[in-house]
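Here is the structure we will look at.
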Amino acid sequence: MSEKLATLSFSDGTPSVDFPIYSGTVGPDVVDVRALYAKTGKFTFDPGFMSTASCRSNITYIDGDKGILMYRGYPIEQLAENSDFLEVAYLILNGELPNAAQKKEFDDTVTKHTMVHEQLSFFFRGFRRDAHPMAVLVGVVGALSAFYHDALNINDPRDREISAYRLIAKLPTITAMTYKYSMGQPFMYPKNELSYVENFLYMMFGTPCEEWKPNPVLTRAVERILILHADHEQNASTSTVRLAGSTGANPFACIAAGIASLWGPAHGGANEAVLKMLDEIGDVKNIPAFIKRVKEKDGHAMLMGFGHRVYKNYDPRAKLIQQTCHEVLAELKLKDNKLIELAMALEKVALEDDYFIQRKLYPNVDFYSGIVYKALGIPVSMFTAIFALARTTGWIAQWKELIGDTEQKIGRPRQLFVGATKRDFVPLAKRK
Ligand code: ACO
């Protein structure tokens, strides 16, 4: 029982009620209002979950005011600097960094799950070649549950683990197949001698016609982007995965739901939207007119890649990705790139403008990730799909945490009903 209590008093005669307050290891306390309805007949009202903690979690911690992001207690800067993606995936899934033997076993297991069922490749043919990669990804990942029946008992920890391996291992293959399908090129089978990221780039850019060699600078850039996107506590898509998971749905269905949620331009779709916005602005000289439109909310114009529900300071991931962006542009000899010049000029104007300062709007991770992808030759429509590939690790870890949580119940919010009250049916002939 909690020692700290919150007392809620009412002006309508309802007696005051006490609620327990819990403290996490770090971060704001929470008031446990689960008994509010039983005690008072009232609900809380919190559209957009502005003040609602939906679960206990020990995976990812964010302090939005200070610009801090940690996976399992490790600052994102240290992981981005020192780890590879699979090491971070192991950490997110298991809670601890692996030792050398554990790392080898994990890498081997993921590597050996990278092929997809051959019949899954026929599934792609049902889509038009110009289908959006996220539409294909939602469908194909959802379809995985029809291919891997053997380990779908969500109450068996071993089945949950196998599904986690399958999802982390197969997402790069499926994402690359999505790209190849859109290009009309043959699908490339994974190669076990390549690392996770090299394999993804090979399946994206390799062809059967010639030898493909990994470029360490570009591999490292994608490795970093995947690490930075691997988890982000209870954001919209993760909450979608948890909500779907709370019904007992299988993990492939839950991740497909998460992918659908990520697609929106207010969430993972922002990296694509940033590039479209930069294209639309076209030149540094057009920045003032664009900023004016944003400030006047003209036609819902927004500075895409800016602002975040939680970060009210510089997104720590944006800083790291900005550095990666410069490395990639230097490697590809694109240093005087017009796009980066435009992005940096836009960032500078926004950071000095009162509208953005007052609203604490800073660049988020997506402001620079799109520029890196573009430099790598990845088409804009694939950006969010790569985000989904990375976030699959976080989603599956959050799903596993949910299923193992004895406090978890089916997610079922209530509402403040403001529609018509009871009225009698009027036959069609008598309606005006
Ligand atoms: N450009 C211009 N104005 C903005 C922006 C922006 N990018 N973001 C917020 N604002 C303004 C709002 O219009 C609002 O202004 P007002 O007070 O005059 O009404 C104020 O800032 C507060 O904004 P909210 O919408 O209340 O902030 P919220 O926390 O709900 O939204 C969100 C956060 C959705 C990320 C928003 O900032 C946004 O849409 N940004 C652009 C899209 C984007 O980059 N999304 C990526 C998020 S990171 C990720 O998912 C990986």
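The numbers here are math on the coordinates, done by the rules we state, and not lab data. Owing to the predicted nature of the structure, the values given are computational and were not obtained by experimental measurement. In this analysis, Cβ positions are derived from the backbone assuming ideal geometry, glycine residues included, and neighbour counts consider all displayed protein chains.
When the convex hull of its Cα atoms is viewed from all sides, segment 1-89 shows a mean projected area of 8.2 nm². Given in Å, the Rg to one decimal and the Dmax to the nearest whole number for the Cα atoms of segment 252-370 are 14.9, 47. Close Lys pairs in segment 205-335 (alpha-carbon distance under 24 Å; sequence gap of 8 or more, or different chains): 17. Rg and Dmax, both from the Cα atoms of the chain and both in Å, are 23.6, 79. Ranking Ala318, Val349, His300 by how far each Cα lies toward the positive end of the dipole of segment 295-354 (charges on Cβ) leaves Ala318 at the top. Loop-resident GluC sites (Glu not before Pro) (DSSP state other than H, G, I, E or B) in segment 328-396 with no more than 11 further Cβ atoms inside 10 Å of their Cβ: Glu352.
Highest GNM mean-square fluctuation, the chain, Cα pairs closer than 10 Å: which of Arg317, Arg242, Arg293? The residue with the greatest mean-square fluctuation here is Arg293. Full extension of the chain between Lys312 and Arg359 gives 16.1 nm of extra length, using 0.36 nm per residue less the Cα-Cα distance. Charge tally around Thr109: other residues with Cβ under 12 Å, Lys/Arg +1 each, Asp/Glu -1 each, net 0. Take each peptide in 18-25, 78-85, 138-145, 189-196, count the other Cβ atoms within 10 Å of every residue, and average; sorted highest first, the result is 138-145, 78-85, 189-196, 18-25. Near Lys39, which lysines are there with a Cα under 26 Å away, not counting those fewer than 8 places off in the same chain? Excluding near neighbours in sequence, the set is Lys4, Lys409.
Put simply, when 229-237, 392-400 are sorted by average Cβ atoms within 10 angstrom per residue, most first, you get 392-400, 229-237. Separation of segment 355-402 from segment 140-177 is 22 Å, based on Cα centroids. Of all the options Glu105, Glu211, Glu96, the one that moves most in a Gaussian network model of the chain with Cα springs shorter than 10 angstrom is Glu211. In this simple spin-label approximation, Tyr189 and Leu8 carry label points 7 Å from Cα along the Cα→Cβ vector, and these lie 6.0 nm apart.
P(r) for segment 75-174, from all Cα pairs and a bin width of 5 Å, is 2, 11, 19, 19, 17, 14, 11, 6, 1, 0 %, short bins first. Summing +1 for each Lys or Arg and -1 for each Asp or Glu among the other residues whose beta-carbon sits under 14 angstrom from that of Ser57 gives -1. Length gained on full extension, Glu211 to Gln408: 65.9 nm, using 0.36 nm per residue less the C-alpha separation.
Note on Glu352 and His149: the model spin-label points, each 7 Å out from Cα along the C-beta direction, lie 6.5 nm apart. Can you list the DSSP H helices in the chain whose Cα atoms extend at least 24 Å along the helix axis and whose mean Kyte-Doolittle hydropathy is 0.0 or higher? Result, helices passing both filters: 383-403. Computed 3J(HN,Hα) for segment 49-66, one whole-Hz value per residue from the Karplus formula 6.51 cos²θ - 1.76 cosθ + 1.60 where θ = phi - 60°, is 6, 5, 10, 10, 8, 8, 6, 8, 8, 10, 9, 10, 10, 10, 10, x, 6, 8, glycine and proline marked x.
Rounded to the nearest 500, the helix-only mean residue ellipticity at 222 nm of the chain stands at -15000 deg cm²/dmol, with each DSSP H run of n ≥ 4 adding -39,500 (n - 2.57).
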